[in-house]
Amino acid sequence: MKAYRGATIIIGNGEVIERATLLVHQGKIVDLGMNIDLPSDTEIMNVEGKYITPGLIDVHTHIGVFEEGIGTAGHDFNETSQAATPHVRAIDGINPFDRGFEDARAAGVTTVQIMPGSANVIGGEMSIVKTVGTVVDEMILKSPSGMKAAFGENPKRVHGGKGKEPMTRMGVAAIFRSQLMKAQDYLKEREEGTLKKRDLGMEQLSKVIKGEIPLRIHAHRSDDIVTILRLLKEFEVEATIEHCTEGHLIAEYLSKHSVRVSVGPTMTSRTKVELNDKGWHTLLELEKHDVPFAITTDHPVVTIDHLITSAQTSVKNGLSEQTAFKAVTLRAAEHLGIAEQVGSLEQGKDADFVIWSHHPFNVQANVMQTFINGKTVYGD
């Protein structure tokens, strides 16, 4: 039993408690507050004047499958052999020794979703992991956590550039439709007992049709987002919108749909036409229209250590501090469907937390210690 006493605790749900104590045991949060009873054998850690927050969560990364510093040898995130690859799984390409995991822990990021890239219309399954470990199977928090899909320029460029479908946005939508229709037919045959041959891709895409996992769909332009919403209604499946760069242009329309979005990496340069209107104004409009969103780095597009920088910068540009912090903690956990386990400092949740020298939105703030399941994974 350990008690971290005297800090300002930012719970993650909007509440802040000053001069508080966080009590943890066996990897879980036991209690927290100003005046809590401590068992006689409790080891007390004095963190007076410091700040304690939940571990940060990045909902959209390629850590471990898009490794840093080794070039194409570490590019295991896009299986570009065909435009639809629902049969691949990110978990099979994750290298736990990628430097990105170390950087994540040093930046207070304790949970990430790792997904295939956006080269394909259907890209494959993804996983949610804690950012410490040497065996990926032991790092898993949830797997699969979604099926990747992508609209817009990326699949057009990768496959259309080879003279193959899709060469247009119409082609992207057509491949998406055909894959989901194929999965519907496959599932029907399986349920009726008439299935003659198993198909790995359809087995995995059937999880989307059955509502077991959501689609997580890459889209920057507003018209692509609207196409996705049309298709979700057509097939009655769940999804999150990933990037949502032009979401501010259709924020009111988005608010009428039960869809969560991730926004980012806003700190990157405008490397393609889809990013021409990229900016912090997207977050402000989504907040104004009560569209739930998380902030992402899309690591390594923007490196994972800048997740907190992204949240800080969003506040400088007008986003409320509470919304910004939720976007990398509790709102991010809700985006991933794991809010019962992480995302806020509450009794019974995993003891994933960070001790900061200053308020995390202060530019002078340093991560002093990062904890995952109650164990120190960064700092002394």
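The values are calculated or read from the model by the stated rules, or taken from the named source; none is laboratory data. Please read these numbers as outputs of a predicted model, since none were measured by experiment. In this analysis, Cβ positions are derived from the backbone assuming ideal geometry, glycine residues included, and neighbour counts consider all displayed protein chains. SASA here: full protein model, heavy atoms, side chains in, ligands and nucleic acids out. Shrake-Rupley method; radii C 1.70, N 1.55, O 1.52, S 1.80 Å.
With respect to the conditions (1) touching a strand residue (DSSP E or B) at 6+ places or on another chain (Cβ under 9 Å); (2) open to solvent by 60 Å² or more (accessible area, probe 1.4 Å); (3) of a type outside the set (S, T, Y), H281 falls short on a single one, namely (1). Would you be able to tell me the number of residues in the range 50-94 that are aromatic (F, W, Y) and either surrounded by fewer than 17 Cβ atoms within 10 Å (Cβ to Cβ) or not in a loop (DSSP other than H, G, I, E, B) (or both)? The total comes to 2.
Counting only strands (runs of 3 or more DSSP E) that sit wholly inside the range 4-49, those with at least 3 residues that are within 21 Å of H358 (Cβ to Cβ) and open to solvent by 10 Å² or more (accessible area, probe 1.4 Å) are 16-25. Tell me yes or no: at least one residue of the range 184-194 is touching a residue at least 24 places away in the same chain (Cβ under 8 Å), at positive phi and outside any loop (DSSP other than H, G, I, E, B). No.
Looking across the range 95-124, the residues that are crowded, with 24+ Cβ neighbours inside 10 Å and more than 18 Å from D305 (Cβ to Cβ) come down to M115, P116, S118, N120, V121, I122, G123, G124.
Scan the range 196-227 for residues that are assigned to a loop (DSSP other than H, G, I, E, B) and exposed (fewer than 15 other Cβ atoms within 10 Å of the Cβ) and report the count.
Step one: list which residues in the range 196-227 are assigned to a loop (DSSP other than H, G, I, E, B), which gives 196-199, 210-214, 220-221.
Then keep just the ones that are exposed (fewer than 15 other Cβ atoms within 10 Å of the Cβ); that gives 196-198, 210-212.
Counting residues in the range 196-227 that are assigned to a loop (DSSP other than H, G, I, E, B) and exposed (fewer than 15 other Cβ atoms within 10 Å of the Cβ) gives 6.
Pairs are defined by a Cβ separation below 8 Å, a sequence spacing of at least 6 or placement on different chains, a first member in the range 310-334 that is within 15 Å of A294 (Cβ to Cβ), and a second member that is at pLDDT below 95 and of a type in the set (S, T, N, Q); the pairs so defined are K326/N13; L330/N13. Residues in the range 228-247 that are open to solvent by less than 30 Å² (accessible area, probe 1.4 Å) and not in a loop (DSSP other than H, G, I, E, B): 11 in all. With respect to the conditions (1) touching a His at 6+ places or on another chain (Cβ under 9 Å); (2) in contact (Cβ under 8 Å) with a residue 12 or more places away in the chain, S145 lacks only one, and its number is (1). Inside the range 284-335, can you point out the residues that are crowded, with 23+ Cβ neighbours inside 10 Å, of a type in the set (S, T, N, Q) and touching a Phe, Trp or Tyr at 6+ places or on another chain (Cβ under 8 Å)? The one that is crowded, with 23+ Cβ neighbours inside 10 Å, of a type in the set (S, T, N, Q) and touching a Phe, Trp or Tyr at 6+ places or on another chain (Cβ under 8 Å): S314.
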